1. For each pair in LYS237/LYS427; LYS124/LYS237; LYS172/LYS237; LYS380/LYS510; LYS199/LYS364, compute the distance between the two Cα atoms and list the pairs where it is over 30 Å.
2. Take the Cα gyration tensor of region 261-372, multiply each eigenvalue by 5, square-root it, and list the three semi-axes largest first, rounded to whole angstrom.
3. Determine ³J(HN,Hα), in whole Hz, for all residues of region 478-494 in sequence, where each value follows from phi through the Karplus function 6.51 cos²θ - 1.76 cosθ + 1.60 and θ = phi - 60°; x replaces Gly and Pro.
4. Angle check, please: helix 221-234 long axis (alpha carbons) against the longest principal axis of the chain (alpha carbons), in degrees 0 to 90, nearest 10.
5. So between THR160 and GLU43, what do we pick up on full extension, going 0.36 nm a residue minus the alpha carbon distance?
6. Quick one: what are the phi-derived ³J(HN,Hα) couplings along region 302-314, Karplus 6.51/-1.76/1.60 with θ = phi - 60°, whole Hz, x for glycine and proline?
7. Taking amide H atoms as placed 1.01 Å from N in the peptide plane, list the residues 5 or more away in sequence, or in a different chain, whose amide H sits under 5 Å from that of SER372.
8. To the nearest 10 degrees, how steep is helix 373-386 against the longest Cα principal axis of the chain, on a 0 to 90 scale?
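Nothing in this text is a laboratory measurement; each read-out follows from the coordinates by a stated rule. As the structure is a prediction and not an experimental result, all values here were calculated from the model. Cβ coordinates were reconstructed from backbone atoms using ideal geometry, including for glycine residues, and neighbour counts include every protein chain displayed.
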Amino acid sequence: MKKVYKHILVIAILTSFLSCDSFLEESPTKSASIVPESLAHFEALLNDYSNFSDEGISALMFGTDDYELSTDLYDGFSRAYRPSQAIFATWDMDLVANEGTRYSGWNTEFEKIFTANLVLEQIKDVDATDSEKANLIAEAHFIRAYSYFILSNVFCLPYTEANKGELGLPIKQTTSFDEAIERATLEETYALIESDLMKALEITREFGQVNGLNNSWRASTAAVNGFAARYYLALNKYDMAQEYAQNALDEFDGLRNYNTGMRYSDIPAQATIFNPGPINVDILYPYTHDQQNVVEDRLEFGESYYYRQLRNAYWSYWPSQELLGIYDQANDLRYRYHVVEDYTYIRGAISPAYSYPGYIFFFKSDILSGPSVSEMLLIKAECQVRQGMWADGITTANVLRVARMDATADPSDINLSATSQGEALTKILEERRRELPFVHRWYDVRRYNNNEDASDDVVMTRTFYPFNASAIISSEAPITYTLEKNSRKFAYPIPNDEILISNGKLEQNKY
């Protein structure tokens, strides 16, 4: 934890003020740190979306049944997996703890929390109007609540009445390096998140456009309401989740119609495969494929209230056979534009040839994860169904379906239908999984397994070769790995190096 706080000013401030030489005459240190001094400084700090947008969290990417971990894929293309992916995908908590912080999310989210605390501590001394300060204060509370919510869903057990006394997170509300780093209870952690959320909802900055782009890189009324809907859905408080989802939709409900707003990249990637071969194969990526460093492309997509993205440094979102199986592959345009056939060819599975698809939204690594119009429609639909208004829920979901399904398909293929509440819930949850793969599945399985409805419970099982920290051992018989419904492994371990740095003050999760 101290490691995060020692370096955060360099990460979060230096990058925002490289042109302000006088502002950086001293290097930030533990005893004498440089802090923003004007409203413009704070605005620049929070405008630097690169410090807030990325979520490189292996548990979310690899830890669910949306991700394919199979011996068949490994046998056909051994480079599909590194040991670290198998470690997270099989919930091997001893090895996960030793993996380090790089892709755990621990450091990166606490860096965002530190920046929010910096704003809250220093904004009172800035020459600005009360309304200007109030919006920055609300935004800082939003940033802190958002990061604590992510951390709690990765490193803590699900929040239930029975789990309130379980280990939560260190409560960091200042920039002091001497602030206690012992873990609070889960109840205290969620109390902080909800308190921050209530203060964030006081924001008055409306969702809109700046220079023709949606201002989703900053907090807005729609973004905060969208996060509130996500938060209360995670707690199975369906009436409140629906209310906040509707608030966001009332402000902005624009969807990109995949019939008219999507296409393939102008320049298909090519691979030459051998054995059989040589054969040249075109790999059809979504039109966003070449836009690795073009943030405008993500902003122009238009459906996001808040610019966050799950970032996979391995460039490999392998969709599971289970996930692929719930798409209408003939008519669902999400399958057409996001499931890239023969993706293994472009990654090197060419001799001998082995074909497996990859899931691509923008560049190979990036899937939007912030609150969005489509997420709000799905939250609203699910909450309607769970509260008995299942026909209304199907109608709400079909608003999204019209924008995602081939318009030339039969109406019965475009629109969902149901004859009971149970059938409606199953179809809505499948639609949610099709629309929001990888990004939300970990959160969803946690809440499904802790609500009052047993029909949506999920036990995740996969069969794969044994492995250690440095190698996958394909010469040995495969092992079946299972994450049971009430497993304590739904809380990933804090990286061991963080435990060591804390001199044992951070308590590790127990399994």
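1. Going by Cα-Cα distance, LYS124/LYS237; LYS380/LYS510; LYS199/LYS364 fall outside the 30 Å limit.
2. On the way: eigenvalues 132, 49, 35 Å².
Its equivalent ellipsoid spans semi-axes of 26, 16, 13 Å.
3. Computed from phi, the couplings for region 478-494 are x, 10, 8, 10, 9, 10, 5, 4, 10, 5, 6, 6, 6, 10, 5, x, 5 Hz.
4. 70
5. 38.4 nm
6. For region 302-314, the Karplus curve yields x, 9, 7, 7, 9, 7, 10, 8, 6, 10, 9, 5, 8 Hz.
7. Sorted by chain and number, the residues that satisfy this are TYR305.
8. 80
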